[in-house]
1. With the checklist (1) at pLDDT below 90; (2) closer than 30 Å to Q231 by Cβ; (3) among the hydroxyl-bearing types (S, T, Y) in hand, flag the one item T128 doesn't pass.
2. Could you check K41 against (1) outside any loop (DSSP other than H, G, I, E, B); (2) at pLDDT below 90; (3) not small (G, A, S) and say which number it fails?
3. Restricting to the range 178-219, name every residue that is crowded, with 20+ Cβ neighbours inside 10 Å, over 27 Å from K254 (Cβ atoms) and among the charged types (D, E, K, R).
4. Any residue in the range 216-225 that is without any contact (Cβ under 8 Å) to a residue 60 or more places away in the chain and within 19 Å of D135 (Cβ to Cβ)?
5. So is G258 closer than 17 Å to H152 by Cα, modelled with pLDDT under 95 and outside any strand (DSSP E or B) or not?
6. Kindly indicate whether E130 is buried (at least 21 other Cβ atoms within 10 Å of the Cβ) and touching a Lys or Arg at 6+ places or on another chain (Cβ under 6 Å).
7. Give me the strands (runs of 3 or more DSSP E) completely within the range 83-185, filtered to those with at least 1 residues that are under 18 Å from P32 (Cβ atoms) and within 20 Å of the chain's Cα centre (by Cα), ordered by residue number.
8. Taking the range 225-255 as the search range and keeping residues that are in contact with a helix residue (DSSP H, G or I) (Cβ under 9 Å, 6 or more places away or on another chain) and outside any loop (DSSP other than H, G, I, E, B), which one is nearest to T149 (Cα to Cα)?
Amino acid sequence: MIARKYVSSISKLLTLCAVTLLSGCHMALLDPKGPIGAQEKWLIILSFAVMMIVVIPVFLMAFYFPWKYRASNKNAEYKPKWSHSNKIEVVIWSVPALIIVVLSYVVWTSTHELSPFRPLASKQKPITIEAVALDWKWLFIYPDQHIATVNHIEFPTGVPVNFRITSDTVMTSFFIPRLGSQIYAMAGMQTEDHLQADEPGVYTGRNSQFSGRGFSSMDFKAVATSREQFQRWVARVKQTRTKLDLATLKRLEKPSEGDSASYYSDVVPHLFDRIIKKYMSADTNPKKTHA
């Protein structure tokens, strides 16, 4: 009786822990809002389903064999000298081998199809956004619109967004879960990411790489709107009095946590490239990474 009560208490505790942990999980990866995120969702589900080919039979046999060969079952076949079965050997070697072959093919093809350096096919002209990781905030520069923001970006739905990404601090990771493609950013190097939102909405972006004390609050808002609303937003940003010059960048580079969104009506030309080059010595061209 005591053992049964102990097991029951443990079961209730594990159930409570599971409910508590899952209550904060928004399952963003399984609710994509863009073509890249949708393909990555399919890959997650496919990989999970293929691996269940091994996992499910193991769990079933873990219950079936103890039940079949229990002490009270007098009809169970008894073979004390049994040691080998060709059929079992074929199954336990061929099934995992087949799973590895399938997953290898999926990984190989998807790695090329979903490469962050591969521009999205679209009839719409892409928008370029330059993302710079700071301590502990995100600086975004719109080179074509000549504006900049901190911890906030906007772009039209159905339009590819070409991100140029670097870090002005330690290594970080640029990630908008509902749009897909997490990618690392490193100082003195440039990487790329090509995303698109198919539905209007406000999506959370974050740094998913630990980068110091303020890492947990290094989030930003990615707002997908109509083309008309995007143009109006750009016009409003251009009306702000603050400009992003080198002195302002120096202030932004100072570590701070929980920064609210801020906007800059003008930007020093080629600021993104300047940020990269200050970490470089003899090499004059930014290095691209597939991090």
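The values are calculated or read from the model by the stated rules, or taken from the named source; none is laboratory data. Since the structure is predicted, the reported quantities are computational estimates derived from the model, not experimental observations. All Cβ positions, even for glycine, are placed from backbone atoms using ideal geometry, and neighbour counts span all protein chains on display.
1. Going through the list (1) at pLDDT below 90; (2) closer than 30 Å to Q231 by Cβ; (3) among the hydroxyl-bearing types (S, T, Y), T128 breaks only (1).
2. That leaves (2) as the condition not met.
3. Within the range 178-219, R178 is the sole residue that qualifies.
4. Applying the first criterion (without any contact (Cβ under 8 Å) to a residue 60 or more places away in the chain) to the range 216-225 yields 216.
When the remaining residues are screened for being within 19 Å of D135 (Cβ to Cβ), the result is 216.
Yes, there is a match, as at least one residue in the range 216-225 is without any contact (Cβ under 8 Å) to a residue 60 or more places away in the chain and within 19 Å of D135 (Cβ to Cβ).
5. On the way: closer than 17 Å to H152 by Cα: yes; modelled with pLDDT under 95: yes; outside any strand (DSSP E or B): yes.
Spelling it out, G258 is indeed closer than 17 Å to H152 by Cα, modelled with pLDDT under 95 and outside any strand (DSSP E or B).
6. On the way: buried (at least 21 other Cβ atoms within 10 Å of the Cβ): yes; touching a Lys or Arg at 6+ places or on another chain (Cβ under 6 Å): yes.
Considered against the rule, which asks whether it is buried (at least 21 other Cβ atoms within 10 Å of the Cβ) and touching a Lys or Arg at 6+ places or on another chain (Cβ under 6 Å), E130 comes out as yes.
7. Details: elements: 127-134, 137-142, 147-150, 152-156, 161-167, 172-176, 180-185.
Result: 152-156, 161-167, 172-176, 180-185.
8. Across the range 225-255, the extreme among qualifying residues is L244.
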